[in-house]
1. Looking only at region 19-30, filter to residues that are in contact with a His (Cβ under 9 Å, 6 or more places away or on another chain) and not in a loop (DSSP other than H, G, I, E, B); which one of those is modelled with the lowest pLDDT?
2. Output the residue which, of all residues in region 72-87 that are of a type in the set (D, E, K, R) and either assigned to a loop (DSSP other than H, G, I, E, B) or touching a strand residue (DSSP E or B) at 6+ places or on another chain (Cβ under 8 Å) (or both), is modelled with the highest pLDDT.
3. Consider PHE90 carefully, then state whether it is modelled with pLDDT of 90 or more and either over 15 Å from THR7 (Cα atoms) or in contact with a Lys or Arg (Cβ under 7 Å, 6 or more places away or on another chain) (or both).
4. List every residue pair whose Cβ atoms lie under 8 Å apart, where the two residues are 6 or more positions apart in sequence or sit on different chains, the first residue falls within region 32-45 and is over 20 Å from GLU56 (Cβ atoms), and the second residue, located anywhere, is part of a loop (DSSP other than H, G, I, E, B) and not small (Gly, Ala, Ser).
5. Name the residue that is modelled with the lowest pLDDT, counting only residues in region 93-106 that are among the polar types (S, T, N, Q) and outside any loop (DSSP other than H, G, I, E, B).
6. Scan region 76-88 and tell me whether some residue there is touching a residue at least 60 places away in the same chain (Cβ under 8 Å) and among the charged types (D, E, K, R).
7. Quick check on this structure: which one of TYR9, TYR41, TYR3, TYR16 is of a type in the set (Phe, Trp, Tyr), at pLDDT below 95 and in a helix (DSSP H, G or I)?
Amino acid sequence: MKYSQATNYALHTMLYIVALPVGSTIGVQRLAELQKLSPTYLSKILTKLVKAGIIESAPGVNGGYRLTRNKADLSFLDVIHAIEGKASLFQDGLHHQGCLIQDVMTQAEQQMEDYLKERKLVELVDKNPGLLSMLNACEPLRHFAPT
């Protein structure tokens, strides 16, 4: 099975955002530097994550991106769906009822989705306590004060 490179970058981006303390934001420039990406390219990925309601953009001097939901609830599947959509990975071009191959492939895809839905990004953050210090290494985190 293959996902786009954008999904890989989105998952890594979300790992950094999930590692942030609650109320903190991180800018696109810093996220791009961490992954050695163009900020323009990463902005397109971030736009999809915003449209999916996973993150939001905070404007202003202390602006950047932050989570819109509880870290513990964000699954790998949420991020994958935000970037790839929800279309099936397997398309049976024969389009006939009761296709045994389609049944097997649909079940396999469902098992994979169930697994990715249960896996949370915060699990990886918890396994990598140095992630936050890496985020702080070049640029102090910005704390957003809602108005």
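The values are calculated or read from the model by the stated rules, or taken from the named source; none is laboratory data. Please read these numbers as outputs of a predicted model, since none were measured by experiment. Note that each Cβ is placed from the backbone with ideal geometry, even for glycine, and that neighbours are counted across all protein chains shown.
1. Taking region 19-30 as the starting set, the residues that turn out to be in contact with a His (Cβ under 9 Å, 6 or more places away or on another chain) are 21, 23-25.
Narrowing further to those that are not in a loop (DSSP other than H, G, I, E, B): 24-25.
Values: SER24: 88, THR25: 92.
Looking at the filtered set, the residue picked out is SER24.
2. First, pick out the residues of region 72-87 that are of a type in the set (D, E, K, R): 73, 78, 84, 86.
Still in the running and either assigned to a loop (DSSP other than H, G, I, E, B) or touching a strand residue (DSSP E or B) at 6+ places or on another chain (Cβ under 8 Å) (or both): 73, 86.
Values: ASP73: 95, LYS86: 88.
Across region 72-87, the extreme among qualifying residues is ASP73.
3. Numbers: modelled with pLDDT of 90 or more: no; either over 15 Å from THR7 (Cα atoms) or in contact with a Lys or Arg (Cβ under 7 Å, 6 or more places away or on another chain) (or both): yes.
No, not satisfied.
4. GLU33/CYS138
5. Filtering region 93-106 for residues among the polar types (S, T, N, Q) gives 97, 102, 106.
Filter once more, keeping what is outside any loop (DSSP other than H, G, I, E, B): 102, 106.
Details: GLN102: 82, THR106: 86.
So, considering only residues that are among the polar types (S, T, N, Q) and outside any loop (DSSP other than H, G, I, E, B), the one modelled with the lowest pLDDT is GLN102.
6. In the first step, residues of region 76-88 are kept if they are touching a residue at least 60 places away in the same chain (Cβ under 8 Å); the result is 76, 79-80, 82-84.
Now drop any that are not among the charged types (D, E, K, R), which leaves 84.
Yes - at least one qualifying residue is present in region 76-88.
7. Values: TYR9 fails: at pLDDT below 95; TYR41 fails: at pLDDT below 95; TYR3 fails: in a helix (DSSP H, G or I).
Within the list TYR9, TYR41, TYR3, TYR16, the selection yields TYR16.
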